[in-house]
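The values are calculated or read from the model by the stated rules, or taken from the named source; none is laboratory data. If you're wondering where the values come from, they're calculated on a predicted model, not measured in any experiment. When we count neighbours, we look across all protein chains shown, and the Cβ atoms used for this are built from the backbone with ideal geometry, even at glycine.
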Amino acid sequence: MNRLSVRLVISHVLVAVIGAVAAFLVVRWLAPALFDQSMQQGPGGGRGPGMGQGAGGALRDQFAAAVDQALFVGVAVGVVAAAAFGVFAAQRVVRSLGRVRTATAQLAHGHYDVVVPEPKEPELAELARDVNQLGQALAQTEATRMRLLGEVAHELRTPLTVIDGYVEGMIDQVLPTTAENLGQITDETRRLRRLGEDLSALSRAEEGRLGLTLAPSDLGAVVAAAAERLRPQTDDAGVRLVVDSPTGLPASIDADRIAQVVTNLVGNALRATDAGGTITVTSRALGNHAVVEVRDSGVGLSAEQLAKVFERFYRVAGQRIGEAGSGIGLTISRGIARAHGGELTAASSGLGQGASFTLRLPLAR
């Protein structure tokens, strides 16, 4: 009884039965009265030529019996036709739903390339399209997960190889246990710890549980201080750093997290800019929001790179060798921006035209 096909057939039959019963009752109630009225009236609207009470009653009964038989036959034909049509419609619907069910079962077993053919019914076609889109999204998520595991393994492999080499060399007394060699191990250990912290921050950002400590702050001062901390690095690289972030931008923010975003943006701009280039950091009020922009004259971004720049572990080609980051800084930064009720976007006119990253945050009322 709970199967959809049975319920569809029963619903068609019930509709036919209800309609037939209603028609039967109405006809059975009206037909004798109308017959009596027609027998009592003559051609001109008066009484007819007269007929015996018994003869009229017998004719009336015969007429009612004929009407009953015709109604019973009509009801039976209607119910059978409704049942046949219900079976046909139920088979079409169940067949289409069966394809969707088969596809979802394959999706559950990891076969994300399955495609559900779209039936002719618009509603079922929309359902099939939704399932196909779900499969594509799951396939993309699985590919991202596999790439994430590969990238994490690669990031872990390099420092672990260095640490293992130094420790093994010291054990075999090939390398002396000097402060310099121990310092190399310490640097790689810090790199591992930093990667672990980044992965933890990435997980919290994507799950929306960064745990911000919001407080009234001057956003302009926070941005300027964070950018100025990287001035020694820009000077060493021969890159000009211009900071135009006036004070007086009140906002309820986690100052440490916003400083982390600015540091990441300026650091990325430094890695993408050759000596002689310029990095400009500006902040201003725009309506009810504060806009912080980090613009560089570096390698720029193509349209394809712009679409992927916020993906986990994505690295832009053309950065200086040995300066590449972990590839999750922008993902974390965007999560921080969104946790503040803002947004982080990227723009570029093309390769070789530089790039700009814009952070929008709501101003305090």
### Query
So which residues in segment 102-149 are farther than 29 Å from residue 311 by Cα and of a type in the set (Phe, Trp, Tyr), if there are any at all?
none
### Task
Would you point out the residue of segment 301-323, among those that are in contact with a helix residue (DSSP H, G or I) (Cβ under 7 Å, 6 or more places away or on another chain) and farther than 28 Å from residue 290 by Cα, that is modelled with the lowest pLDDT?
323
### Task
From (1) buried (at least 20 other Cβ atoms within 10 Å of the Cβ); (2) β-branched (Val, Ile, Thr); (3) more than 16 Å from residue 330 (Cβ to Cβ), pick out the condition that doesn't hold for residue 292.
(3)
### Scope segment 224-262; condition within 12 Å of residue 292 (Cβ to Cβ) and part of a helix (DSSP H, G or I); matching residues
224, 226, 227, 258, 259, 261, 262
### Query
residue 148: surrounded by 15 or more Cβ atoms within 10 Å (Cβ to Cβ) and modelled with pLDDT under 75, yes or no?
yes
### Query
What about residue 95, is it out of contact with any Gly (no Cβ under 8 Å at 6 or more places or on another chain), under 30 Å from residue 191 (Cα atoms) and not hydroxyl-bearing (Ser, Thr, Tyr)?
no
### Task
Kindly indicate which of 172, 198 is more than 30 Å from residue 104 (Cα to Cα), surrounded by 12 or more Cβ atoms within 10 Å (Cβ to Cβ) and not assigned by TED's automatic domain parsing to the domain that holds residue 308.
198
### Task
Would you mind stating whether residue 236 is among the acidic types (Asp, Glu) and touching a Gly at 6+ places or on another chain (Cβ under 7 Å)?
no
### Which listed residue, of 142, 155, is under 18 Å from residue 192 (Cβ atoms) and either small (Gly, Ala, Ser) or surrounded by 12 or more Cβ atoms within 10 Å (Cβ to Cβ) (or both)
155
#### Entry: Number of the exception - residue 164 against (1) closer than 28 Å to residue 328 by Cβ; (2) in a loop (DSSP other than H, G, I, E, B); (3) among the charged types (D, E, K, R)
(2)
### Query
Somewhere in segment 150-166, is a residue closer than 30 Å to residue 96 by Cβ and either in contact with a Lys or Arg (Cβ under 9 Å, 6 or more places away or on another chain) or of a type outside the set (Asp, Glu) (or both)?
no
### Task
All but one of (1) out of contact with any Lys or Arg (no Cβ under 7 Å at 6 or more places or on another chain); (2) modelled with pLDDT under 85; (3) over 22 Å from residue 362 (Cβ atoms) hold for residue 208, so report the exception by its number.
(3)
### Task
With respect to residue 218, determine if the residue is more than 20 Å from residue 329 (Cβ to Cβ) and either among the acidic types (Asp, Glu) or not assigned by TED's automatic domain parsing to the domain that holds residue 295 (or both).
yes
## Note on the structure
Residue set 160, 138, 156, 149; condition closer than 30 Å to residue 109 by Cβ and either touching a Leu at 6+ places or on another chain (Cβ under 9 Å) or of a type in the set (Phe, Trp, Tyr) (or both); output residue 138
